[in-house]
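Colleague: Pasting a structure here, questions to come.
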Amino acid sequence: MKVLGIAGSPRRNGNTDLLQAEFMRGAGSKGAEVKTIYPSQMKITPCQHCDTCFKEGKCRIQDDMQPIYEELEQADIIVLASPVQFSGPPAPVKAMIDRCQCLWAKKYVLKIPPLSRERKRKGFLISVGATGMKDMFEATRGIVKTWFHVLEIEPAGELVFSKIDEKGAILQQPEAMQKAYEAGQKLAEG
Ligand SMILES: Cc1cc2nc3c(=O)[nH]c(=O)nc-3n(C[C@H](O)[C@H](O)[C@H](O)COP(=O)(O)O)c2cc1C
């Protein structure tokens, strides 16, 4: 069982990082192999909509997205931790998702699986936002729903927390950290 964590915040050791680390610790406690990547520290060029991927289902841009395609291929569980920024995910996360356009092209243009179907992948969303605004997670949810759908990742739940702003504020809510740990355990158990 391989768990790929995508730590979407540009703020290291911030709230989503902390929740994600707990999720990974929970998954690890059940024997899963865990790995976390940090899109904000990687070079992920935005999709250029060049449609080159329509020919072979591969992105022509050689940057840090290339190993991420392989990580997605190898993962059984994908957990995206993404703070709300202007109502959506941070730009590096959105760039990573947009660069999955080549997997969309594989599926819908070339009619081949976007990722190998030998694995049944599951996806999980973790998010936090500073405000308590109604619908504050809706844009992120919509984007992630589409991403999971295109990549044939089965949505397996989410943990979202509002009114969390200062770095480390989530630590004031031990039940939130506990939920993240237990979600990691549950998903790793299959
Ligand atoms: C650029 C930027 C935009 C933000 N936009 C929103 C927003 O639209 N709604 C909201 O509730 N919080 C917003 N926030 C606050 C963050 O979601 C909040 O501080 C969160 O706890 C950060 O999580 P992190 O520590 O994992 O980065 C924004 C923060 C930044 C830096």
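Colleague: Within the range 112-126, is even one residue within 16 Å of the ligand (Cβ to nearest atom), in contact (Cβ under 8 Å) with a residue 24 or more places away in the chain and open to solvent by 60 Å² or more (accessible area, probe 1.4 Å)?
Modeller: No, every residue in the range 112-126 fails to be within 16 Å of the ligand (Cβ to nearest atom), in contact (Cβ under 8 Å) with a residue 24 or more places away in the chain and open to solvent by 60 Å² or more (accessible area, probe 1.4 Å).
Colleague: Quick one: would you say Ala176 is outside any loop (DSSP other than H, G, I, E, B), within 12 Å of the ligand (Cβ to nearest atom) and open to solvent by less than 10 Å² (accessible area, probe 1.4 Å)? Give the derivation first.
Modeller: On the way: outside any loop (DSSP other than H, G, I, E, B): yes; within 12 Å of the ligand (Cβ to nearest atom): yes; open to solvent by less than 10 Å² (accessible area, probe 1.4 Å): yes.
Yes; evaluated as a whole, the condition is true for this residue.
Colleague: Further question: Under the condition of being farther than 19 Å from Ala32 by Cβ and part of a loop (DSSP other than H, G, I, E, B), which residue from the range 137-158 is most open to solvent (accessible area, probe 1.4 Å)?
Modeller: Top of the filtered list is Glu152.
Colleague: Is it true that some residue in the range 10-25 is open to solvent by 50 Å² or more (accessible area, probe 1.4 Å), closer than 26 Å to Val128 by Cα, among the charged types (D, E, K, R) and assigned to a loop (DSSP other than H, G, I, E, B)?
Modeller: At the first step, the residues of the range 10-25 found to be open to solvent by 50 Å² or more (accessible area, probe 1.4 Å) are 10-13, 21, 25.
The next check asks that each one be closer than 26 Å to Val128 by Cα; those that pass are 10-13, 21, 25.
Of the ones still in play, those that are also among the charged types (D, E, K, R) are 11-12, 25.
From the residues that got through so far, the ones that are assigned to a loop (DSSP other than H, G, I, E, B) too are 11-12.
Yes: the range 10-25 contains one or more residues that are open to solvent by 50 Å² or more (accessible area, probe 1.4 Å), closer than 26 Å to Val128 by Cα, among the charged types (D, E, K, R) and assigned to a loop (DSSP other than H, G, I, E, B).
Colleague: Follow-up. Given Gly57, Gly5, which one is more than 16 Å from the ligand (Cβ to nearest atom) and either crowded, with 23+ Cβ neighbours inside 10 Å or in contact (Cβ under 8 Å) with a residue 24 or more places away in the chain (or both)?
Modeller: On the way: Gly5 fails: more than 16 Å from the ligand (Cβ to nearest atom).
The unique qualifying residue is Gly57.
Colleague: While we're on this one: Identify the single condition in (1) open to solvent by 50 Å² or more (accessible area, probe 1.4 Å); (2) within 15 Å of the ligand (Cβ to nearest atom) that Phe161 does not satisfy, given that it satisfies every other one.
Modeller: For Phe161, the exception is condition (1).
Colleague: If a residue must be assigned to a helix (DSSP H, G or I) and surrounded by 15 or more Cβ atoms within 10 Å (Cβ to Cβ), how many such residues does the range 27-53 contain?
Modeller: At the first step, the residues of the range 27-53 found to be assigned to a helix (DSSP H, G or I) are 27-29, 39-41, 53.
Next, only the ones that are surrounded by 15 or more Cβ atoms within 10 Å (Cβ to Cβ) stay: 27-28, 39-40, 53.
Count: 5.
The values are calculated or read from the model by the stated rules, or taken from the named source; none is laboratory data. Note that the coordinates shown come from a computational prediction; the quantities given were computed from them, not determined experimentally. Cβ atoms come from the backbone with ideal geometry, glycine included; neighbour counts cover every protein chain shown. Ligands, DNA and RNA are stripped out before the accessible areas are found, and what is left, the full protein with its side chains, is counted by its heavy atoms. Shrake-Rupley method; radii C 1.70, N 1.55, O 1.52, S 1.80 Å.
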